[in-house]
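> Mind looking over this structure? Questions follow.
The values are calculated or read from the model by the stated rules, or taken from the named source; none is laboratory data. For clarity, every value in this text was computed on a predicted model and none was experimentally measured. Cβ placement follows ideal geometry from the backbone for every residue including glycine, while neighbour counts extend to all protein chains displayed.
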Amino acid sequence: MQSTDRLLPILTGQPVIPVVAVESAEEGVSLARALAAGGLPAIEVTLRTPAALDAIAAIVAEVPEAICGAGTILNPSQYEAAVKAGSKFIVSPGATVELLDAAQESEVPFLPGSATPSELLAMMQEGYEVLKFFPAEQSGGLAYLKSLAPVFQSLKFCPTGGVSPDNAKDYLSLPNVVCVGGSWVAPKALIKDGRWDEITALASEAARLKG
């Protein structure tokens with residue numbers, strides 16, 4: 001199946017995938033080191049800042065212990081740029097025909113966002129078995145994912161959006177959830193102030209989460 005064999009080892013390697021935005025390559029490198037030190041080597045750097053692509057390239061070059069992916073990919077040109085920067089996986093909040101075509105042509109695995117039954121069916125037809133569920137809380141959260149499990153038995157999810165330390169364990173306890181995405185392990189204030197030890201501590205707590 002498309003991407004599954006390459007993507008699952010990344011997503012099952014840790015219960016929480018940090019979803020982060022950075023303002024410089026240097027900040028990205030320090031953040032990736034702090035998160036990896038806490039047991040969260042896989043990190044999703046979102047393309048929400050001008051520095052994102054440079055940060056991804058720097059993390060790939062300077063933090064070998066990290067598995068750096070790119071998130072908030074909205075079109076094929078961003079997909080291509082993220083792959084060129086060295087991203088190990090690509091995450092999108094949704095999926096379009098153009099994005100799916102770009103993923104089909106790339107060796108870098110793709111985690112597309114899907115929420116409705118029709119979207120899930122479409123992704124299954126494209127060969128996807130692992131999907132991002134976004135925005136998780138706003139789309140129905142735990143109860144919604146639980147109701148999907150008996151109908152879409154082959155699908156696994158990474159819920160992102162509104163996931164926090166308060167509900168992460170509940171999500172992780174669901175049989176169709178492989179991991180969660182969250183930004184709480186790298187708060188903007190801690191990143192801005194360079195409080196990397198505190199981020200490592202948060203990552204360590206998240207790395208021990210189990211359903």
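> Regarding the stretch 59-75, can at least one residue be identified that is in a helix (DSSP H, G or I), of a type outside the set (F, W, Y) and either more than 23 Å from A203 (Cβ to Cβ) or in contact with a Pro (Cβ under 8 Å, 6 or more places away or on another chain) (or both)?
If we filter the stretch 59-75 for residues that are in a helix (DSSP H, G or I), which is where we start, we get 59-62.
If we keep only those that are of a type outside the set (F, W, Y) too, we end up with 59-62.
After this cut, where a residue has to be either more than 23 Å from A203 (Cβ to Cβ) or in contact with a Pro (Cβ under 8 Å, 6 or more places away or on another chain) (or both) as well, the list is none.
No, because not a single residue in the stretch 59-75 is in a helix (DSSP H, G or I), of a type outside the set (F, W, Y) and either more than 23 Å from A203 (Cβ to Cβ) or in contact with a Pro (Cβ under 8 Å, 6 or more places away or on another chain) (or both).
> Ok, one more. Counting residues that are not aliphatic (A, V, I, L, M), which strands (runs of 3 or more DSSP E) fully inside the stretch 100-196 reach at least 3? Please lay out each step first, then the result.
Numbers: elements: 130-133, 156-159, 180-182.
In the stretch 100-196, the matching strands (runs of 3 or more DSSP E) lie at 156-159.
> Which of the residues spanning the stretch 12-32 are crowded, with 19+ Cβ neighbours inside 10 Å, in contact with a Ser or Thr (Cβ under 9 Å, 6 or more places away or on another chain) and not β-branched (V, I, T)?
Passing the criteria: P18, A21.
> Which residues, taken from the stretch 37-70, are closer than 23 Å to G161 by Cα and touching a residue at least 60 places away in the same chain (Cβ under 8 Å)?
The first filter runs over the stretch 37-70 and keeps only residues closer than 23 Å to G161 by Cα, leaving 38-53, 55-56, 66-70.
Of everything in the stretch 37-70, those that are closer than 23 Å to G161 by Cα and touching a residue at least 60 places away in the same chain (Cβ under 8 Å) turn out to be G38, G39, L40, E44.
> For the stretch 84-99, what are the residues that are among the β-branched types (V, I, T) and either part of a loop (DSSP other than H, G, I, E, B) or surrounded by 21 or more Cβ atoms within 10 Å (Cβ to Cβ) (or both)? I'd like the intermediate steps shown before the answer.
Within the stretch 84-99, the first condition is being among the β-branched types (V, I, T), and the residues that meet it are 90-91, 96-97.
Across the stretch 84-99, the qualifying residues are I90, V91, T96.
> I would also like to ask the following. Out of curiosity, is E23 in a loop (DSSP other than H, G, I, E, B), closer than 15 Å to I191 by Cα, among the charged types (D, E, K, R) and modelled with pLDDT of 95 or more?
On the way: in a loop (DSSP other than H, G, I, E, B): yes; closer than 15 Å to I191 by Cα: yes; among the charged types (D, E, K, R): yes; modelled with pLDDT of 95 or more: yes.
Against the criterion (in a loop (DSSP other than H, G, I, E, B), closer than 15 Å to I191 by Cα, among the charged types (D, E, K, R) and modelled with pLDDT of 95 or more), E23 qualifies.
> Of the residues K132, K146, which is among the charged types (D, E, K, R) and surrounded by fewer than 22 Cβ atoms within 10 Å (Cβ to Cβ)?
Details: K132 fails: surrounded by fewer than 22 Cβ atoms within 10 Å (Cβ to Cβ).
Just one listed residue meets the conditions, K146.
> What do you reckon, is P9 over 12 Å from the mean Cα position of the chain (by Cα), free of Cβ contacts under 8 Å to residues at least 40 places away in the same chain, surrounded by fewer than 17 Cβ atoms within 10 Å (Cβ to Cβ) and part of a helix (DSSP H, G or I)? Spell out how you get there, then give the answer.
Numbers: over 12 Å from the mean Cα position of the chain (by Cα): yes; free of Cβ contacts under 8 Å to residues at least 40 places away in the same chain: yes; surrounded by fewer than 17 Cβ atoms within 10 Å (Cβ to Cβ): yes; part of a helix (DSSP H, G or I): yes.
Yes; evaluated as a whole, the condition is true for this residue.
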